[in-house]
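The structure under discussion appears below in the form of structure tokens.
Each reported figure results from applying straightforward, stated rules to the coordinates on display, with no laboratory input. It should be emphasised that the depicted structure is a prediction, and the values quoted were computed from it without experimental measurement. Neighbour counts are summed over all protein chains in view; Cβ atoms, including those assigned to glycine, are modelled from backbone coordinates with ideal geometry.
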Amino acid sequence: MRKYGFVTLVMVVLSVLIYSGHGQVWANDFQVILVADGTVKAPRVVLKTKFGEMEIVFFPELAPKHVESFLTLAKKGYFNGTIFHRVIPGFMIQGGDPNTKDPSKQSTFGTGGPGYTVPAEFNKIPHERGILSAARTADPNSAGSQFFIMVAKSPNLDGQYTVFGEVVKGIEVADKVVSQPRDRRDMPLERIEITVEVLE
């Protein structure tokens with residue numbers, strides 16, 4: 001989780017310095033609003049599983065179309081009842097496929113979407129632990145509703161997939177999800193259903 005060292009109300013529009021928990025500094029062009037206690041005012045959701053909850057903050061200035069799509073779907077209850085259908089230890093957990101609501105469609109898991117695609121919005125945020133990024137096919141502009149959460153650093157994804165948010169609370173839940181027994185397709189043997197609540 002990145003920490004912001006400001007103590008007064010500030011709007012930063014260009015060249016924001018983002019400090020990560022790993023001591024790295026990144027310069028990016030996006031807007032955040034910082035309040036008196038140093039927290040960030042930005043769109044957020046809580047992703048609930050049987051292992052606990054993850055709070056995710058979005059980056060609307062970096063990936064506006066991806067953030068808008070996710071929030072619009074979440075408000076409609078689109079993600080509720082879907083599962084994490086792909087988990088790879090030391091890498092990531094993936095979800096957001098509407099096909100996974102129906103166990104009888106298991107052969108199609110990983111292929112479902114909202115009926116539209118979102119164009120790539122690549123940015124400079126690296127794929128590190130806790131990062132939320134958009135899953136896609138070989139076509140960079142093919143993202144839909146599927147997403148993945150990083151449980152470890154993977155620089156080979158940087159600039160290739162659209163980062164649009166970050167887990168700021170509950171990353172240990174992702175660790176529990178990724179550690180579950182899985183089949184040869186990296187799908188957990190037991191269903192790990194998702195419910196997404198948008199925080200106003």
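What ranking, highest mean first, results for peptides 142-148, 174-180 when packing means the other Cβ atoms within 10 Å averaged over each residue?
Per-residue mean Cβ counts within 10 Å order the peptides as 142-148, 174-180.
Sequentially through segment 52-66, phi angles give Karplus couplings (6.51, -1.76, 1.60; θ = phi - 60°) of x, 10, 10, 9, 10, 9, 9, 10, x, 7, 8, 9, x, 5, 5 Hz, Gly and Pro residues having no value and appearing as x. Listed by chain and number, the lysines whose alpha-carbon sits under 30 Å from that of Lys101, ignoring those within fewer than 8 places in the same chain, are Lys48, Lys50, Lys65, Lys75, Lys76, Lys153, Lys169, Lys176.
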